[in-house]
Amino acid sequence: MTRQRLGVCYYPEHWPESRWREDAAMMKAIGLSFVRIGEFSWSRLEPSDGAYDFAWLARAIGALDQAGLKLVLGTPTATPPKWLVDKMPDMCALDADGRPRKFGSRRHYCFSHEGYAQECDRIVERLAQSFGAHPAVAAWQTDNEYGCHDTVLSYSQAALRAFRRWCETKYRSIDALNHAWGNVFWSMEYRSFDEIELPNLTVTEANPSHLMDFQRFSSDQIAAFNRRQVEIIRRHAPGTAILHNFMGSFVDFDHYTLSDDLDIAAWDSYPLGFLERSSNGDDFKLRYMRVGDPDFQAFHHDLYRACGRGRWQVMEQQPGPVNWAPWNPAPAKGAMRLWTFEAFAAGAEAVSYFRWRQAPFAQEQMHEALLLPNAEPNEGFHVVARIAQELAAVDAHVETFRAPVALVFDYESAWAWRIEPQGQDFSYVDLVLSIYRGLRRAGLSVDVAPPTAAAVGERQLIIAPALFAPSRQFTEALAKSGATILLGPRAGSKTADFQIPADLPPGVLRSLIDIRVRRMESLRPGASVRICGQGAFLRWREFLLLGESVQPELLSDDGETALARCDNVFYLSGWPDEELLGNVLRRVFHAAQLSTLDLPQDIRVRDNGAMRYIFNYGAEATDISALAGEETLMLGKRLLEPCGVAAFRRHD
């Protein structure tokens, strides 16, 4: 089994070379085993066009290698240097208002610009030739945080030309495109693919089918851009793992598709920053201000484990206050340790902290690190040393198992309901996360799964909320799974062409449960629809017609079906509040014969193989004796302190 490891992000180009060996020795001394470097260093690797300087990077790698550290080497393509932008100014993306994304920070490029892609090929080829065989380079990271700062969509001329080619490849004839998009509406019909425009700067909203295809195209462009780098690296570093670092609550491209070309999925976890940016209310944010949402990080661990087909890691873990959220509080004592073990409990191969030393200059100078700007140890430095000792003591290895519950998450659904929310506050990610939270509060371990047949086999319960346009193949896989299934709301409510199904929603899902959605409504904040004393619908509600085989399990106070059932398939016709969600889940748990736990509000449990982890996200110590039973704790105490972690190996 693979041992779980700790790492750190390091920028040797920011510091005097005389400091590198001292830094490497300190890293090794506190138990770090790998370092990520290089992902923002293009201007130092190629100070001017064709004038390479890799010698400093070779010396930095040598210093880290000599200390016994392994490397994740990043390609520098997220930060093209000024001379390159001046060489080809049209490589910059244009925003939806037609303005260029100018030089002066990062990610100032268009994924559709072939000239820039060729420049990336060139620098990646040189790097891979130079370091692909180096024994210290254990993995490669492509680029950095694709799409960060709203950079997936570009409205440049390069994007327009590429989008027209993409549409022609997909539809073959302009008549087929016009039919798929419904362009007869408002006289939007095209005579040729050369007439297609990008869906920005329209007088009112653009055609949703046009927007959806542009989003698909843009996602495909990122996957193709990434694939070019992967293919180059594989030629020069065969057998070396390749990864990319994704972000939290970010759905602008299909991470499953991009991950098909990777060996490992990684993501950047900033619990406090993400909480401040979330849509949670002020009371929730105040309660978890210093520890983060108890379920947000866990959800993304499960999502990226699915992307990596079991192999995943945290590439950037928050070590202190960040600089980019609306407010940037310091973590509670123990929070950084809790976040680390939450990741390892979910099967992470590694957790890496961002960053080694706080920068005293530029945009991230207020972002805390393991070292202070003057190179003295900060709080995170000592926390990492403790975690490393604990990992060694419990002999932590990567363990994974197939969870009995699959929660289906689909990137196209996220795009669809952003394009056509119908209610201003409808958020696919929020809906899925609310259901995930309900599952976690019942003590269940969950696999987040793509809408594919392979992902839903061997499950007791499958939940697919708001699934935009499920395929017939996936629907057939659900039917054959034998699992209890919970669908809705909005599941199957469109075709892949973004049209209402001919026989009404839920479209192909009617083969699972014979219902039809005859109307829907979105509810403004403060409005609700009560469900027979079981809670209420918020934000969204549907009105159902039931076939003869379908029974109403729950009714609204105005007599409409809120929860329908046909054998092992349930359909929930609205967005449930916390009370209703709990009541609905208890019904489907019973149908699925799932054992659950009665957890205190701030306690979460994760089972991973034989290991059980217990986490306290609350501000008060909590007795976990009922959860631990007679087992011997390898970590923690039965009175689990705030931000505490307990772990034991189950023998049942």
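Note down the magnitude of the dipole of region 405-592 about its Cα centre, charges +1 on Lys and Arg C-beta and -1 on Asp and Glu C-beta and zero elsewhere, to the nearest 20 debye. Don't skip to the answer; put the middle values down first.
Numbers: 20 positive and 22 negative charges, 36 e Å.
My answer is approximately 180 debye.
Is the shape of region 157-210 best called rounded, prolate or oblate, per the rule: a/c under 1.5 gives rounded, else a/b larger than b/c gives prolate, else oblate, with a ≥ b ≥ c the square roots of the Cα gyration tensor eigenvalues?
Numbers: a/c = 1.93, a/b = 1.09, b/c = 1.77.
In terms of gyration-tensor shape, oblate.
Can you give the helix-only mean residue ellipticity at 222 nm for the chain, where every DSSP H stretch with n ≥ 4 adds -39500 (n - 2.57) and the sum goes over all residues, rounded to the nearest 500 deg cm²/dmol?
Working: 20 runs with 215 residues, N = 652.
Value at 222 nm, helices only: -10000 deg cm²/dmol.
Is there a quick way to get the dipole size of the chain? I mean about its Cα centre, with the Cβ of Lys and Arg at +1 and of Asp and Glu at -1; what is the value in debye to the nearest 20? Working shown, then result.
Values: 69 positive and 83 negative charges, 190 e Å.
That gives the chain a dipole magnitude of about 920 debye.
Please order H397, H255 by the number of other Cβ within 10 Å, starting at the fewest.
Numbers: H397 14, H255 28.
Least crowded to most crowded, the residues run H397, H255.
Whole angstrom only: what separates the Cα centroid of region 382-447 from the Cα centroid of region 532-575?
26 Å
Please order Y171, Y155 by the number of other Cβ within 10 Å, starting at the fewest. Can you show the working numbers first?
Working: Y171 17, Y155 21.
In increasing order of surrounding Cβ atoms, one gets Y171, Y155.
Too long at a 19 Å Cα-Cα cut-off: which of K333/K637; K28/K333; K285/K333? Please report the intermediate quantities before stating the final value.
On the way: K333/K637 16 Å; K28/K333 24 Å; K285/K333 17 Å.
Cα-Cα > 19 Å for K28/K333; rest within.
Which one, Q601, L431, L177, projects farthest toward the positive side of the charge dipole computed for the chain from Cβ point charges (K/R +1, D/E -1)?
Going by the Cα projections, it comes out as Q601.
Let's see if you can work this out: charge +1 on each Lys and Arg Cβ, -1 on each Asp and Glu Cβ, no other charges. What is the dipole magnitude of region 157-210 about its Cα centre, in debye to the nearest 20?
Numbers: 6 positive and 7 negative charges, 50 e Å.
Once rounded to the nearest 20, the dipole reads 240 debye.
Just rank M366, M315, fewest to most, by other beta-carbon atoms within 10 angstrom.
Numbers: M366 12, M315 30.
Exposure proxy ranking, most exposed first: M366, M315.
Quick check: from the Cα gyration tensor, does the chain come out rounded (a/c under 1.5), prolate or oblate? Each step should come with its number before you reach the end.
Values: a/c = 1.97, a/b = 1.16, b/c = 1.70.
It is oblate, given that a/c is not under 1.5 and a/b is not larger than b/c.
Using modelled amide H (1.01 Å from N, peptide plane; none on Pro or chain starts), what sits under 5 Å from the amide H of L486, excluding residues fewer than 5 places away?
Residues meeting the amide H criterion: I462, I463, A464, F570.
Please figure out what share of the DSSP beta bridges in the chain is antiparallel and state it in percent, rounded to the nearest 5. Walk me through the numbers on the way to the answer.
Details: 38 of 82 bridges.
Antiparallel bridges: around 45 percent, rounded to the nearest 5.
Throughout, read-outs are computed from the coordinates displayed, never taken from laboratory work. All values derive from a computational prediction rather than experimental measurement. We place every Cβ from the backbone using ideal geometry, glycine too, and count neighbours over all the protein chains shown.
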